[in-house]
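No lab work stands behind these numbers, since they all come straight from the coordinates. From a predicted model like this one, the values you see are computed outputs, not experimental measurements. For neighbour counting, all protein chains shown are included, and Cβ atoms are generated from backbone atoms with ideal geometry for every residue, glycine included.
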Amino acid sequence: MHLSETNVPIKQSAKKYMRASGKRKAQNIKAKTSFREAVKKLGELSKAGNLDEAKKYFPTVQKALDKAAKVGVIAKNTAARKKSRLTKAISKASKK
């Protein structure tokens, strides 16, 4: 048996809390995976040497990081730090 099947809430407020927390969890997972995939794709593009494509894709990564920070999946400073490091990495790769 799965844990959620054994602990079914009885009270109405507990049922509502379970629904709300499930929706929040889904939203958090979506935001987290979107920014992780975006960062990963940017890294692959820069390592492959597609710097023009990486520079074009960078605003998408920034948007995903900002949304994740807005929702609260990551902290605002974490998003800023990641954006800064990615910018630095792209500029360093373009100078080579």
Nitroxide proxy distance, nm - points 7 Å out along Cα→Cβ at residue 37 and residue 10: 4.2
Ranked from highest to lowest mean number of other Cβ atoms within 10 Å per residue, what is the order of the peptides 54-61, 22-29? 54-61, 22-29
Please determine, in degrees from 0 to 90 and to the nearest 10, the orientation of helix 51-71 with respect to the longest principal axis defined by the Cα atoms of the chain, where the helix direction is its Cα long axis. 30
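Holding the Cα-Cα limit at 28 Å, pick out from 16/67; 25/88; 25/83; 15/41; 11/63 the pairs that are longer than that. Don't skip to the answer; put the middle values down first.
Details: 16/67 26 Å; 25/88 32 Å; 25/83 25 Å; 15/41 39 Å; 11/63 40 Å.
Among 16/67; 25/88; 25/83; 15/41; 11/63, the Cα-Cα distance tops 28 Å for 25/88; 15/41; 11/63.
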For the chain, using Cα atoms only, the Rg and Dmax in Å read 18.8, 63
Tilt, helix 12-48 to longest principal axis of the chain (alpha-carbon atoms), in degrees rounded to tens, equals 20
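Applying a 10 Å radius around every beta-carbon, put 12-21, 82-91 in order of their mean neighbour count, most first. Present the calculation step by step, with values, prior to reporting the outcome.
Details: 12-21: 10.8, 82-91: 14.6.
Ranked by mean Cβ neighbours within 10 Å, highest first: 82-91, 12-21.
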Between residue 60 and residue 78, what is the spin-label point distance in nm, taking each point 7 Å from the Cα along the Cα→C-beta axis? 2.3
Farthest toward the dipole's positive end in the chain, which of 64, 54, 78, given Cβ charges of +1 (Lys, Arg) and -1 (Asp, Glu) about the Cα centre? 78
Calculated [θ] (222 nm, deg cm²/dmol) that DSSP helices of n ≥ 4 give over the chain, each run adding -39,500 (n - 2.57): -29500 deg cm²/dmol
